[in-house]
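Student: Sharing a structure here in C-alpha cells format.
Values quoted throughout were computed directly from the atomic coordinates according to the rules given, and no laboratory measurement underlies them. As the structure is a prediction and not an experimental result, all values here were calculated from the model. Because the Cβ atoms are built from the backbone with ideal geometry, glycine has one as well, and the counts that use them run over all protein chains shown.
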Amino acid sequence: MADISLNVEPLERWASVIGGVALLGVALRRAPVTAALFAVGGTLLLRRGLTGHCDFYRVLGRSSVDAAAAPPRAPDPVATTSEDSFPASDPPAWTPTSSIGAPAD
C-alpha cells in the first residue's frame, strides 16, 4: 500500500467530513444524474476528511498541516555550499578597462 502522508490540517478535515456528509445527503433527494455528481463529490470530500490526505494538494506540492509538525527536510547540499561560499573571497575587479582597451579620455 502506498504511503499516504497527512497534508490536510484538522479543521479542514472536519469541514471536509461535514461537507461530504451534506453532499451525500443532498444526493439522496436529486435526480439520478445530479445525484451521481453529488455522491461522487461527497465521497471525495469524506475520503479527504477521514484520511487527512488530499491528492490535489499533493499534485500542487501544498500542505495545510503545520510546518512544525511536519518532518524536517534534509538540507540541499548545493544551497548550503552556495551560502557558505558567499561572499566570495575575491571580489570582482572593477577596473577602468574593457575588452577593447583603456577608455578614451
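Student: Report D for segment 16-63 in µm² per second (integer): Stokes-Einstein, Kirkwood Rh on Cα pairs, 25 °C, 0.890 mPa s.
Tutor: Result for D is 223 µm²/s.
Student: A follow-up question, please. Add +1 for every Lys or Arg and -1 for every Asp or Glu among the other residues with Cβ under 11 Å from the Cβ of Gly20, and state the total.
Tutor: +3
Student: Run the simple label-point estimate for Ser82 and Leu60 please: 7 Å along Cα→C-beta, distance reported in nm.
Tutor: A separation of 2.6 nm, rounded to one decimal place.
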